[in-house]
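Reading through the structure tokens given below for one structure.
The values are calculated or read from the model by the stated rules, or taken from the named source; none is laboratory data. No experiment lies behind these values; they were computed from the predicted model shown. Note: ideal-geometry Cβ built from the backbone for every residue, glycine included; neighbour counts use all protein chains shown. We work out accessible area using only protein heavy atoms, side chains counted, and drop any ligands, DNA or RNA first. Shrake-Rupley method; radii C 1.70, N 1.55, O 1.52, S 1.80 Å.
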Amino acid sequence: MKPKKRHVLLLLLLVCTGTTEAIEPISTSIAVGMAVALTGFLASYQNIHNYFHECCRPEWISLNRTGLQHDLETKLFGQHIASRIVLKAVSGFVANKNPKKPLVLSLHGWTGTGKNFVSQLIAKNIYKEGMDSSFVHFFTAPHHFPHSNQIETYKSQLQHWIKGNVTNCAHSMFIFDEMDKMHPGLIDSIKPFLDYYEKLDGVSYQKAIFIFLSNAGGESIIETALNFWRAGRDREEIELKDLETALSLSVFNNKKSGFWHSSLIDKNLVDFFVPLLPLEYRHVVQCVLAEMKAKNLKPKKSVAEQVAKDLVYSPKSERVFAVKGCKTISKLDYYI
Ligand SMILES: *[C@@H]1O[C@H](CO)[C@@H](O)[C@H](O)[C@H]1NC(C)=O
Ligand SMILES: *[C@@H]1O[C@H](CO)[C@@H](O)[C@H](O)[C@H]1NC(C)=O
């Protein structure tokens, strides 16, 4: 790199990452001025993007609606309800120039139904760097907050992180996995961020996205799906309202998993409940074929069917739903 270019790069980076605070005001304004002037000059270079680190700007953060729709339709299997809600929720939120509160999604479903996968698809289609983006934060209770005797430390830590990151970038995303294993006190500590506040200690959280993942309600979703199956009805006939009743009865009145929920629901802090249905044999086959493609292997139906056949299904008598959904297809390697 020529020395001149390196200077420009440095200035742009300063402006971009917001580290300008550390510099005295006068040189900052000069730096900004020069950077602005030089940006036009630099823009003629095709590879201008190579000069940037990821920053909180539309070049790096903007929803690809077509991409999200495409991914939900072609990569997520057997989840017609979740697909629809997620697309509507995310695109509606992003299109709103003045959201009154952050977007809060709560994804429910049994193991392997695709909760994590859905959150990855959302991240991938908003952030250029996807899950690797420095604006996407992933927490899982057993890993990040394992000791209940340190709950007070975790609380202030988490609050600091959320505040710090949203201060840096309003368009930050926070994903909380295994929400049902999270200490209720910890959930209480993030509640203010989810609320309808214009500003909280000078920071606005209204452009942030929070995604909660949990197994809560998974059993009753399975029950509803099973009832449809037994009645010979098409899976696609299941509607959100069929599950909402089941969800609210089991999740929200259940002391164990309902604790966090009731407090979030009472205040209407969760904007969308997203149920994920249990997966059938045919969906597992689709998952395996997709996995082969992702691994640059030639998709082979016979192998996919073999993998799917070897999984455990429930209920025992009818063998309708894959107990671990698409989770265990990483065993694929043994079949090839
Ligand atoms: C949006 O996603 C589609 C489908 O994945 C892709 O073809 C397109 O290039 C993406 N657009 C942008 C601007 O990244
Ligand atoms: C942002 O969140 C991460 C955890 O994902 C944390 O390590 C980091 O310190 C936070 N940044 C700020 C500025 O608080």
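A few points about this structure:
- Condition met for residue 168 (within 12 Å of ligand 2 (Cβ to nearest atom), assigned by TED's automatic domain parsing to the domain that holds residue 219 and more than 17 Å from the chain's Cα centre (by Cα)): yes
- Index of the failed condition, residue 302 passing every other in (1) modelled with pLDDT of 90 or more; (2) in contact with a strand residue (DSSP E or B) (Cβ under 9 Å, 6 or more places away or on another chain); (3) among the hydroxyl-bearing types (Ser, Thr, Tyr): (2)
- For the stretch 247-291, a residue qualifies if it is in a helix (DSSP H, G or I), modelled with pLDDT of 90 or more and not charged (D, E, K, R), and the qualifying residues are 281, 283, 284, 285, 286, 287, 288, 289, 290.
- Residues being in a loop (DSSP other than H, G, I, E, B) and away from ligand 1 (no atom under 16 Å from the Cβ) - total across the stretch 127-170: 7
- For the stretch 222-246, a tally of residues being hydrophobic (A, V, I, L, M, F, W, C), assigned to a helix (DSSP H, G or I) and in contact with a helix residue (DSSP H, G or I) (Cβ under 6 Å, 6 or more places away or on another chain) returns 3.
- Selection of the stretch 171-212 for residues being in a strand (DSSP E or B), touching a residue at least 60 places away in the same chain (Cβ under 8 Å) and touching a Pro at 6+ places or on another chain (Cβ under 7 Å) yields 209, 210.
- Close contacts from the stretch 50-70, counting a first residue that is outside the structural domain of residue 172 (by TED's automatic domain parsing) and within 15 Å of ligand 1 (Cβ to nearest atom) and a second that is part of a helix (DSSP H, G or I) and at pLDDT below 90, with Cβ to Cβ under 8 Å and a gap of 6+ residues or different chains, come to 57/16; 59/49.
- Flag if residue 89 is within 16 Å of ligand 2 (Cβ to nearest atom) and crowded, with 18+ Cβ neighbours inside 10 Å: no
- Meets criteria (buried (at least 20 other Cβ atoms within 10 Å of the Cβ), within 21 Å of residue 241 (Cα to Cα) and of a type in the set (Val, Ile, Thr)) for residue 104: yes
- Residue among 124, 128, 163 that is open to solvent by 20 Å² or more (accessible area, probe 1.4 Å), closer than 30 Å to residue 92 by Cβ and in contact with a Gly (Cβ under 7 Å, 6 or more places away or on another chain): 124
- Matching option when the condition is touching a strand residue (DSSP E or B) at 6+ places or on another chain (Cβ under 6 Å) and not aliphatic (A, V, I, L, M), among 152, 178: 178
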